[in-house]
Amino acid sequence: AAAKSAAPKSAAPKGAAPPALAPSASAESEGVDEGAAAALRALAGAGASSALVAASPAAAGGETCAYPNYPPPPPCGNSGLAADRWQPSAGDVMLLERVFEMEPLPCRATREQLATHFSITSRQVQVWFQNKRQRVRVRAARDGLL
């Protein structure tokens, strides 16, 4: 009979934690905090599910945030960072259309004049002109002019 060489089995006692979960003696020297080392010891000594519950910050009465050094996420909805949406009135659109006919790509001074007139930012005026140029391109392509 051919003898197969088997890998030697570890001499770990029955019920001991797997090597990956067993706490190392050098955990503290490797920079692992005491809470993590305690969690590893609890995993080694008890069932994983009960140890995880016992080692959780919420069960210990501590902080429940997984990343305590980071600020909490912003609340849902408009957090005040975005400007209110500007919807031009019919008169505003007529004026913008007339300017667009004369100058489809207005210079900064023209955009700033329009922004002051409408009480909006020059960026909002710039976006209106970008959108208008795109609408013209789409209509021309749809009608077969391009």
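The values are calculated or read from the model by the stated rules, or taken from the named source; none is laboratory data. Predicted model, so just to flag it, every value in this text is computed and none were measured. We place every Cβ from the backbone using ideal geometry, glycine too, and count neighbours over all the protein chains shown. Calculation scope for accessible area: heavy atoms of the full protein, side chains included, ligands and nucleic acids excluded. Shrake-Rupley method; radii C 1.70, N 1.55, O 1.52, S 1.80 Å.
Sequence-ordered 3J(HN,Hα) estimates for region 97-111 from the Karplus curve with 6.51, -1.76 and 1.60 and θ = phi - 60° stand at 5, 5, 5, 4, 4, 7, 8, x, 10, x, 6, 4, 4, 5, 4 Hz, glycine and proline given as x.
At 1.4 Å probe size, put Val99, Val93 in order of accessible surface, largest to smallest. Don't jump to the answer; show the numbers that get you there.
Values: Val99 20, Val93 50 Å².
Order by accessible area, largest first: Val93, Val99.
Between Ala90 and Val127, the simple label model (points 7 Å from Cα in the Cβ direction) yields a spacing of 2.5 nm.
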